[in-house]
Amino acid sequence: MQLKRKNKLGLWGWLGGGRYGAERYAYALHRLSGLGILAYFIMHIFVTGTRMGGPQRWQSTMAFFGAPSFKLGELLVFLAFVYHGVNGIRLVLAELGYTIGRPGRPVYPYVYSTMRQRPLFIALMIIAAVLMIIGSADFYLIAK
Amino acid sequence: MRESKLWFWHILSAAIILVILGVHMAIMHMGASLSAIGLGFREPVAAAAVFQRSKQLIFMATYIILLGAALFHGLYGLRSMLFELSLSKTLEKAISRVCALAGICLFVYGSYAAVYVFTMKGVTP
């Protein structure tokens, strides 16, 4: 008899981390930020395509996207990219087998792989936060 | 193509994006901070700066590489997320084809735009 186990979790399966800890929620946010970046990127291809109309067409496009709401959207994309990129480094390292430690006997107190990579997770999130602060300051303070 | 190969390209494209898009983001969105320490452009989206970059081979080439890597990475990621919903084989096949077609169309349009601006006459860098 063949057992079939369907994934019926739907959106919770995508976004929820259950008891898997901060890294699982970071992964959910990674995917969410990825979707946002993809949506922006597709729009960005068409926006940069307006360069074909020459410098004046480009200037008028940039004037249109210079509105505060678009600037805020652009900032959100920047923040999403920083998060996605920095968290992606952690995911690739874990995927390649680094940072999760060697397999060993389960001796109390138990150490599991996410605990082993937690220092890296914290360090990368600090780096992401610093880049986000510099970028946000550039958007609204320094660039003025 | 086998799923393991697609996954390998997904990771490889991530590394490419991290480098090229990292530089792009630094130029475009951290320009003021970088120019304060002698690096970067003061007004990176001004027409003069944009067309100056667009007329350089290195920028055109990296733009096309980034376009291909980002489209593959993004659309493969979207496809993977949709596949987690336990869809029927027919629907999975349809999603794969739509993603592939969208990726190819966007890549052709974006590459055409990059080459068109690179070879554009009458725009002095």
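The Cα center of region A:60-134 and the Cα center of region B:40-114 differ in position by 22 Å. Between the helical axis of A:55-64 and the longest alpha-carbon principal axis of chain A there is an angle of about 60 degrees. Using the Cβ-Cβ distance between residue A:57 and residue B:105 with R0 set to 25 Å, the FRET efficiency from 1/(1 + (r/R0)^6) comes to roughly 0.70. The angle between the Cα long axis of helix B:57-83 and the main principal axis of chain B comes to about 30°, on a 0 to 90 degree scale. List the trypsin sites (Lys or Arg not before Pro) within region A:1-101 that DSSP assigns to loop and that have no more than 10 neighbouring Cβ atoms inside 10 Å. Within region A:1-101, the qualifying trypsin sites (Lys or Arg not before Pro) (loop, at most 10 other Cβ atoms within 10 Å) are A:4, A:5, A:6, A:8, A:19.
Pairs of Lys residues in the protein assembly as shown are counted when their Cα atoms are under 30 angstrom apart and they lie 8 or more places apart or on different chains; the count is 15.
Based on Cα contacts under 8 Å between residues 6+ apart, chain A shows a relative contact order of 23 percent.
Per-residue ellipticity at 222 nm computed for chain A from its helices equals -23000 deg cm²/dmol, with DSSP H segments shorter than 4 residues left out and the rest contributing -39,500 (n - 2.57). Once C-alpha pairs closer than 8 Å and six or more residues apart are averaged by separation and normalised to the residue number of chain B, the relative contact order reads 31 percent. Mind checking the log10 I(q)/I(0) for the protein assembly as shown at q = 0.08, 0.12, 0.17 Å⁻¹? Debye, one equal scatterer per Cα, no solvent, two decimals. Results for the protein assembly as shown at q = 0.08, 0.12, 0.17 Å⁻¹ read -0.40, -0.86, -1.49.
Translational diffusion of region A:57-144, estimated by Stokes-Einstein from the Kirkwood radius over alpha carbon pairs at 25 °C in a medium of 0.890 mPa s, is 154 µm² per second.
Considering region A:13-85 at the alpha-carbon level, its Rg and Dmax are found to be 16.4, 55 Å. Distance between the pseudo-spin-label points of residue B:57 and residue A:9 (7 Å out from Cα toward the beta carbon): 5.0 nm. Here the simple spin-label model places points 7 Å from the Cα toward Cβ, and for residue B:49 and residue B:4 these points are separated by 4.7 nm. You can think of it this way: the chain between residue A:92 and residue A:136 has 13.2 nm of extra reach, that is 0.36 nm per residue less the Cα-Cα gap.
How big is D for chain B, in µm² s⁻¹ as a whole number, if Stokes-Einstein is applied with the Kirkwood radius of its Cα pairs at 10 °C and 1.306 mPa s? Using the Kirkwood radius from Cα pairs, D works out to 96 µm²/s.
None of the figures in this text is laboratory data; all of them are computed from the coordinates on show. The structure displayed is predicted, hence computed values, not measured ones. Note: ideal-geometry Cβ built from the backbone for every residue, glycine included; neighbour counts use all protein chains shown.
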